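In what follows, a structure is listed as structure tokens, so that the remarks can point back to it.
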Amino acid sequence: MKNISKQTDVNAEELFRKYMYVMCNKESEKTYRLKSDAGEGIMHNYEIASGIELVYSELESYYPLVKEVPESVDYIEIMYMVEGHADFEMENRRVSSADKGDICIFNSRIGAKKISFGKGGIRCISIVLLVDTLQDELNRFFGTNEFDNKPVFEYAVNADSCISFAANEMLRTIFTELVLLPVEYGEFHRKLLTIRAILALLDIKAGKKSAGCRYFSGDSANKVHAARKLLGEDLASDISIEELAEKVKLNRTTLQRVFKQMYGVTVFEYRTQARMQESKNLLVDNNLTVTEIAGLCGYTNASKFSAVFKKNFGITPTDWRNTAFPD
């Protein structure tokens, strides 16, 4: 790991302003809007400490641009997916993905070549860290020397792809609190929560990360991405695993295994989740009966649909509609 404090006079503020500028056009000191050739969306940037930035993003689309960060600088971006789905193809053709509640860690060595979002885009929170100064900042923040001579995020800096894994309960709580900051002393809560997230992530050692990481060869992952999209295109129709595998030209066993690794659920479970979410959207329309909605979501009768709905949400479709939209 290179020490930028000795090799470059670029300070952290200049680095992250340049890093953000590569992704977007700056509208003000703290708010950024993506350029037309970079995508659509808004980013809000907060400096937590020297070399530690917190970024709130709402993106409908994003197209990676060429990075212009000095090679001697090691930084990582820790992204928590608040809402949505994203697929990442890295420059070395490794592919990763993230859904709501997942964490992705990117480094400055391997950039994203292509990013695809699910319908509706994504909302995410990113912590961007200048790795070589992080130890000093943590020692300063806590008034200690505890972090001296301890490599921080070494596994992430040296990774050959995006690292993706489901956030544990502690991290989910921290990032949820970062979304729902109180009005009073919000700035101080933001700083404390960001440091808490960093400390929680430091517990993820290189030896432990393999169990949670989800990145695959470009060919298999792209085919599984295609399978996921096919599942959501026509929820009214049933498609077997064999038919799905044939459509994306992937072995049935490989499709099932990689799908579960990438998305954390089986093909059948994902299909059910997609149907349940769509059924909620359709229940908003009072012109549709529950039987009609059942058919549109791929169920042959309303009773079976109602049973699945109640199993997932603890309430029948009719009761959910009446509760959400009382007369």
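Output the residues belonging to the stretch 135-149 that are over 29 Å from the mean Cα position of the chain (by Cα) and among the charged types (D, E, K, R). Hits for the stretch 135-149 are Arg140, Glu146, Asp148. Ala197 - would you say it is crowded, with 19+ Cβ neighbours inside 10 Å, modelled with pLDDT of 85 or more and part of a helix (DSSP H, G or I)? Spelling it out, Ala197 is indeed crowded, with 19+ Cβ neighbours inside 10 Å, modelled with pLDDT of 85 or more and part of a helix (DSSP H, G or I). Of the residues making up the stretch 87-98, those that are buried (at least 19 other Cβ atoms within 10 Å of the Cβ) and over 22 Å from Leu202 (Cα atoms) number 6.
Among the residues making up the stretch 120-142, a single one is in contact with a strand residue (DSSP E or B) (Cβ under 7 Å, 6 or more places away or on another chain), assigned to a helix (DSSP H, G or I) and surrounded by fewer than 20 Cβ atoms within 10 Å (Cβ to Cβ): Phe141.
Right, Asn286: over 18 Å from Val224 (Cβ atoms), loosely packed, with under 13 Cβ neighbours inside 10 Å and within 30 Å of the chain's Cα centre (by Cα) or not? Answer is no for this residue. I need the full set of residues from the stretch 145-194 which are part of a loop (DSSP other than H, G, I, E, B), β-branched (Val, Ile, Thr) and either in contact (Cβ under 8 Å) with a residue 12 or more places away in the chain or crowded, with 18+ Cβ neighbours inside 10 Å (or both), in order please. Matches in the stretch 145-194: Val152 only.
Of all residues in the stretch 87-128, those satisfying the criterion of being at pLDDT 85 or above and aliphatic (A, V, I, L, M) are Ile103, Ile105, Ile122, Ile125, Ile127, Val128.
Of all residues in the stretch 208-218, none are in a helix (DSSP H, G or I), within 17 Å of Tyr80 (Cβ to Cβ) and at pLDDT 85 or above. If you check Thr254, Thr291, Thr323, which single one turns out to be in a helix (DSSP H, G or I) and under 29 Å from Phe88 (Cβ atoms)? One residue alone meets the criteria, Thr254. Tallying residues that are under 13 Å from Asn222 (Cα atoms) and without any contact (Cβ under 8 Å) to a residue 12 or more places away in the chain within the stretch 246-263 yields 0.
Sort through Gly314, Gly298 and tell me the only one that's at positive phi and crowded, with 19+ Cβ neighbours inside 10 Å.
It is Gly298.
One residue stands out among those in the stretch 259-273 that are under 15 Å from Leu235 (Cα atoms) and buried (at least 17 other Cβ atoms within 10 Å of the Cβ): the one that is modelled with the lowest pLDDT, which is Tyr270. Among the residues of the stretch 35-60, those that are hydroxyl-bearing (Ser, Thr, Tyr) and at pLDDT 75 or above comprise Tyr46, Ser50, Tyr56, Ser57.
The values are calculated or read from the model by the stated rules, or taken from the named source; none is laboratory data. None of the values given here were measured: they were computed from a predicted structure. Methodologically, a virtual Cβ is constructed for each residue, glycine included, from the backbone with ideal geometry; neighbour enumeration extends over all protein chains shown.
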